[in-house]
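The values are calculated or read from the model by the stated rules, or taken from the named source; none is laboratory data. For clarity, every value in this text was computed on a predicted model and none was experimentally measured. Note that we place each Cβ from the backbone using ideal geometry, even for glycine, and neighbour counts take in every protein chain shown. The protein model used for the area step is the full one, side chains on, heavy atoms only, and it has no ligands, DNA or RNA in it. Shrake-Rupley method; radii C 1.70, N 1.55, O 1.52, S 1.80 Å.
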Amino acid sequence: LPPLQSDSTPTMASIVDMYSLSCPASAPFFGYFGAAAAMFLANLGAAYGTAKSGVGISGMGVGRPDLVMKALIPVVMAGVVGIYGLIIAVIISTKIKAPTMTDGTMQPQYTLFAGASHLAAGLAGGFSGLAAGMAIGVVGDIGTRALGQQPKLFVGMILILIFAEALGLYGLIVALIMSSAGGGTCPE
């Protein structure tokens, strides 16, 4: 701690302990917010992709019920986007460290750097999942309707869906890299 003033009253600098800058009490909030954002945004994309594709499958199934099972692929791919968000959220939340009791005081164990990197990881993965789910939904809706009219479009639809799914996979990869960044340690 910095030295006291001559009248022995603590200065503002001496009141602020060494933990508050690198390991503030708010740091876990950012980490948990990143986990929640990954889960929420990726599942929002998955839900949109499932609903939009389901509308297309229902429309196509009226005229060509024999193609309904083939047309379920967009729904499965949209569900995988939600799993990406779950993976990111679990990884981030398991890396958040609770404060520990040492000599009668709570000592933080989670740095602001780790909180910021986990927030960024959750947002990157979540928004990528949202974008992938929206792309899968649009392609799944129009693609399945077109499949009902021309079954030869199946391979083309699958290729487009694969590239849409890759957006979510890119977000998962970036989120894993960002969440594994070393957060350092809190000062003793």
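What helices (runs of 4 or more DSSP H), lying completely within the range 19-81, carry at least 3 residues that are out of contact with any Gly (no Cβ under 8 Å at 6 or more places or on another chain) and not acidic (Asp, Glu)?
By residue number, 19-22, 27-63.
It is to be established whether one or more residues within the range 157-175 are in a helix (DSSP H, G or I), within 25 Å of Ala98 (Cβ to Cβ) and of a type in the set (A, V, I, L, M).
Going through the range 157-175, the residues in a helix (DSSP H, G or I) turn out to be 157-175.
From what's left, within 25 Å of Ala98 (Cβ to Cβ): 175.
Cutting the leftovers down to of a type in the set (A, V, I, L, M) gives us 175.
Yes, the conditions are met somewhere in the range 157-175.
Residue check: is Val81 open to solvent by 50 Å² or more (accessible area, probe 1.4 Å), farther than 30 Å from Thr185 by Cα and among the aliphatic types (A, V, I, L, M)?
No, not satisfied.
Taking Leu161 as the residue in question, decide whether it is modelled with pLDDT of 95 or more and either under 30 Å from Pro65 (Cα atoms) or crowded, with 20+ Cβ neighbours inside 10 Å (or both).
Values: modelled with pLDDT of 95 or more: yes; either under 30 Å from Pro65 (Cα atoms) or crowded, with 20+ Cβ neighbours inside 10 Å (or both): yes.
The answer is yes for Leu161.
For the range 58-89, give me the residue count where each residue is among the small types (Gly, Ala, Ser) and under 14 Å from Pro151 (Cα atoms).
Our first condition is that a residue be among the small types (Gly, Ala, Ser); within the range 58-89, this holds for 58-59, 61, 63, 71, 78-79, 82, 85, 89.
Of the ones still in play, those that are also under 14 Å from Pro151 (Cα atoms) are 61, 63, 71.
Qualifying residue count for the region: 3.
Does Ile136 count as among the β-branched types (Val, Ile, Thr), touching a residue at least 60 places away in the same chain (Cβ under 8 Å) and surrounded by 24 or more Cβ atoms within 10 Å (Cβ to Cβ)? Don't jump to the end; show me each part of the working.
Numbers: among the β-branched types (Val, Ile, Thr): yes; touching a residue at least 60 places away in the same chain (Cβ under 8 Å): yes; surrounded by 24 or more Cβ atoms within 10 Å (Cβ to Cβ): yes.
It is true that Ile136 is among the β-branched types (Val, Ile, Thr), touching a residue at least 60 places away in the same chain (Cβ under 8 Å) and surrounded by 24 or more Cβ atoms within 10 Å (Cβ to Cβ).
Would you check if Ser117 is more than 30 Å from Ser20 (Cα to Cα) and among the hydroxyl-bearing types (Ser, Thr, Tyr)? Give the steps one after another, and end with the answer.
Numbers: more than 30 Å from Ser20 (Cα to Cα): no; among the hydroxyl-bearing types (Ser, Thr, Tyr): yes.
So Ser117 fails the test.
All but one of (1) farther than 30 Å from Leu21 by Cβ; (2) modelled with pLDDT under 95; (3) charged (D, E, K, R) hold for Lys52, so report the exception by its number.
Going through the list (1) farther than 30 Å from Leu21 by Cβ; (2) modelled with pLDDT under 95; (3) charged (D, E, K, R), Lys52 breaks only (2).
Does Glu188 satisfy being over 25 Å from Gly54 (Cα atoms), of a type outside the set (Phe, Trp, Tyr) and either out of contact with any helix residue (DSSP H, G or I) (no Cβ under 8 Å at 6 or more places or on another chain) or touching a residue at least 60 places away in the same chain (Cβ under 8 Å) (or both)? First the steps, then the outcome.
Numbers: over 25 Å from Gly54 (Cα atoms): yes; of a type outside the set (Phe, Trp, Tyr): yes; either out of contact with any helix residue (DSSP H, G or I) (no Cβ under 8 Å at 6 or more places or on another chain) or touching a residue at least 60 places away in the same chain (Cβ under 8 Å) (or both): yes.
Taking the combined requirement at face value, the residue satisfies it.
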